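Chemist: Quick one: the structure is below, and I'll ask about it shortly.
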C-alpha cells in the first residue's frame, strides 16, 4: 500500500501534494483516519517528494505542522462536545482495550500525554478527544499540542527528505558495496582454509616424530640394544 500511495502522490502537481498531505495529517486526529493511514506516513512521503524537488520542503513542513495542530484541536473540541458518548462510536468500539489503555495513560501523565501522544499513531487519534472529555483547559492543551506538532512535523518531513536524498546515493553505491562484500567473504574463506591446513600439517609432523623417540626403548623383559644374552643372564642371576 505504501508504494502505491507514493506513486500516486508522485504523479500529482505540487499544490495538490500539499493539499493531500495536509488533509491526511489533519484527518488522522480530527476524523480518526489514523486507524487506516497514519499522518506520519503522508508526511514522510511528502518529505521524500520534496527531496526530488516536486515540492518545497519549507512549505511542506509548515503545512504539516499546522495541519497537526489543527487536527488535534478539532479532536479536542469533538471530545469536549460529545463527551463519553464518543467512545461508543464504531471506530473506537473496535479498539476498546487500546482506548482504555490510552485513557489510563492520559490520567497518569495529564498534559504531558498530549505532547508524547503525537509520536504514537494510535494515541494521536485518541488523546486529543480524551483531553476534551476531561475538560483540560484549552490553552494548556494548545501549548503542549503545538510543541508536539512542531517537533513531530519537522522531524517527519525531514526524515522523508533525507531518506529520499540518500536513496539515490545508496542505489548508486549498491553495486560497489556488493562487490566489496563478495571480496571480503572470499578473502576470509581463503584465510580460514590456510590456517586449518597449517594446523593439520603441524599435527601430522608432531605425531610422526613420536615413534622415533620411542624406537630406542625396549619392551619389558628385553635388554638394551647390542647387549649379549650372557650378560642378560648374569644380571638376572645376581638379582
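The values are calculated or read from the model by the stated rules, or taken from the named source; none is laboratory data. Keep in mind the model is a prediction, meaning the values are calculated, not measured. Glycine also receives a Cβ, built like all others from the backbone with ideal geometry; neighbour counts cover every protein chain displayed.
Chemist: What number of residues within segment 114-127 satisfy the criterion of being buried (at least 24 other Cβ atoms within 10 Å of the Cβ), modelled with pLDDT under 90 and assigned to a helix (DSSP H, G or I)?
Modeler: 5
Chemist: Moving on to the next point. Got a sec? Which helices (runs of 4 or more DSSP H) wholly within segment 26-105 have at least 2 residues that are modelled with pLDDT of 80 or more and surrounded by fewer than 16 Cβ atoms within 10 Å (Cβ to Cβ)?
Modeler: Because the criterion is at least 2 residues that are modelled with pLDDT of 80 or more and surrounded by fewer than 16 Cβ atoms within 10 Å (Cβ to Cβ), the helices (runs of 4 or more DSSP H) in segment 26-105 that meet it are 57-82.
Chemist: A follow-up question, please. Go through segment 128-142 and give me each residue that's part of a helix (DSSP H, G or I) and in contact (Cβ under 8 Å) with a residue 12 or more places away in the chain.
Modeler: 128, 129, 130, 131, 132, 133, 138, 140, 141, 142
Chemist: Also, I was wondering about something else. Restrict the check to segment 156-178 and report whether at least one residue is at pLDDT 90 or above and not in a helix (DSSP H, G or I).
Modeler: So far as segment 156-178 goes, no, none of its residues is at pLDDT 90 or above and not in a helix (DSSP H, G or I).
Chemist: Let me spell it out: the conditions are (1) touching a residue at least 24 places away in the same chain (Cβ under 8 Å); (2) closer than 26 Å to residue 150 by Cβ, and residue 95 meets all of them except one. Which number is the exception?
Modeler: (2)
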